[in-house]
Amino acid sequence: LPISSLSSENLLVPTPTNLLWLLFSGLLSGMSILPGISGSLVFLITGTYHTVISAVSHFNFLILAAAIGGKLIGLITVAKVLEYFLKRWHSRTLYAILGIMLGSVLHIFPPITASFSGIQILFFIGFGATCSYFVSKKSAS
């Protein structure tokens, strides 16, 4: 997909490429089943948020069908993958979800992120991964 041609105005025209992009964005927004990730955030990141909002206000059912269809497929897929990971690596998966939740706090409170440098953030990620490893190793024993 040529990303440069995908703007909010261009996405309002329901071409096959635009509908596939909206379907893909919807698939990604299925990650909203995880704490700390919202569907709106994913639509913002993929550049389809304004298109979806405009489609809601103008009752453009074709665009809404692509976004909602992708969202439903994404939710089911993420739920199945999460179920697999929880059955196979229960504590590690829970710690990963906890890490996502704690990481999202930095986006909720922007003044916190302004005070951290990249090195400090990498340190915290490493520290969290190390703690997760030792706790999951201890619980497996």
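Read the figures in this text as sums done on the coordinates, not as results from a lab. Because the structure is a prediction, the values reported are computed rather than measured.
Please give every one of the lysines within straight-line cross-link reach of K137, meaning a C-alpha to C-alpha distance under 20 Å, and leave out same-chain neighbours fewer than 8 residues apart.
Output for K137: K87.
Find the all-direction average of the projected area of the Cα convex hull for the stretch 35-84, expressing the result in square nanometres with one decimal place.
Computed as one quarter of the Cα hull surface, the answer is 3.7 nm².
Among the lysines, select those whose C-alpha is under 22 Å from the C-alpha of K71, and discard any that sit fewer than 8 residues away in the same chain.
K80
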